[in-house]
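Some notes on the structure that comes next.
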Amino acid sequence: MILPGSVYATGSIAPYIASYYKVPISATSNILPTFFAVNAFCVPIGSYFAQNFHWPRIQLTIGISVGIGVLFLATISTKFWLFFVLYVIGFCLIQATCYLVAIHQGWLWFNNRRPGLVSGIIIGGYGMSAVMLDPITLDLANPWHDNFDKTTNQYPERVNARFEYMMHIVLLIFVGLAVVGIGLTF
């Protein structure tokens with residue numbers, strides 16, 4: 001659940017996205033609302049597969065692999081609009097395949113307990129992900145703690161140069177989390 005919940009770290013990296021792509025900071029404010037709108041269509045599909053596809057490891061492997069692949073394409077894009085679209089689609093794929101599979105499997109394995117307990121533990125990991133990922137992304141993107149220039153909407157060029165590096169390290173963290181999560185699913 002840490003992987004799909006990490007979409008909320010977008011709020012803390014939004015100034016870095018704006019600075020890297022040289023767009024106004026307000027342009028990044030639409031990333032999360034767009035994610036929620038698109039995700040409203042993706043999650044019911046993921047829910048259907050979570051309940052009817054009897055191989056959760058395969059569903060997780062396919063969804064996470066494609067999602068991380070799309071996020072990687074977002075990080076190497078040179079246009080903000082392409083980054084925006086691929087970033088939203090990548091996280092929607094991860095969300096649709098991970099979120100409800102974990103909850104459904106928890107209910108199946110712990111069916112003698114109240115479903116609220118299992119759901120609460122699972123969703124706790126989802127909520128903690130941004131708290132854990134925020135300091136990592138901020139230290140990777142700006143280890144010098146340079147200030148954001150509000151007049152130009154830019155960080156210094158040395159910070160912009162680390163944006164792709166930060167995103168690629170985060171994707172490697174996602175791969176590690178995915179391997180552990182898929183390995184623990186049975």
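Out of the range 88-128, which residues are of a type in the set (Ser, Thr, Tyr) and in contact (Cβ under 8 Å) with a residue 24 or more places away in the chain? Before you say what the answer is, go through the steps one by one.
As a first pass, look at the range 88-128 and keep what is of a type in the set (Ser, Thr, Tyr): 97, 99, 119, 126.
Listed by number, the residues that qualify are 97, 99, 126.
Quick check on the range 48-58. Is at least one of its residues within 16 Å of the chain's Cα centre (by Cα) and either surrounded by fewer than 16 Cβ atoms within 10 Å (Cβ to Cβ) or closer than 28 Å to residue 167 by Cβ (or both)?
no
Conditions: (1) within 12 Å of the chain's Cα centre (by Cα); (2) free of Cβ contacts under 8 Å to residues at least 40 places away in the same chain. Residue 82 meets all but one. Number of the miss?
Answer for residue 82: the failing condition is (1).
Please count how many residues of the range 144-165 are part of a loop (DSSP other than H, G, I, E, B) and either closer than 24 Å to residue 79 by Cβ or without any contact (Cβ under 8 Å) to a residue 12 or more places away in the chain (or both). Show your work before the answer.
Filtering the range 144-165 down to residues part of a loop (DSSP other than H, G, I, E, B) leaves 144-148, 150-153, 155-156, 161-162.
Then keep just the ones that are either closer than 24 Å to residue 79 by Cβ or without any contact (Cβ under 8 Å) to a residue 12 or more places away in the chain (or both); that gives 145, 147-148, 150-153, 155-156, 161-162.
Qualifying residue count, the range 144-165: 11.
Do we have any residue at all in the range 118-135 that's under 24 Å from residue 83 (Cβ atoms) and in contact with a strand residue (DSSP E or B) (Cβ under 8 Å, 6 or more places away or on another chain)?
no
For the range 105-127, state whether one or more residues are closer than 15 Å to residue 4 by Cα and aromatic (Phe, Trp, Tyr).
Checking the range 105-127: at least one residue is closer than 15 Å to residue 4 by Cα and aromatic (Phe, Trp, Tyr).
Out of curiosity, is residue 116 part of a helix (DSSP H, G or I), more than 19 Å from the chain's Cα centre (by Cα) and farther than 20 Å from residue 42 by Cβ? Show your work before the answer.
On the way: part of a helix (DSSP H, G or I): yes; more than 19 Å from the chain's Cα centre (by Cα): yes; farther than 20 Å from residue 42 by Cβ: yes.
Yes; evaluated as a whole, the condition is true for this residue.
Only the coordinates and a few stated rules stand behind these numbers; no lab work does. Given the structure is predicted, the values throughout are model-derived calculations rather than measurements. We place every Cβ from the backbone using ideal geometry, glycine too, and count neighbours over all the protein chains shown.
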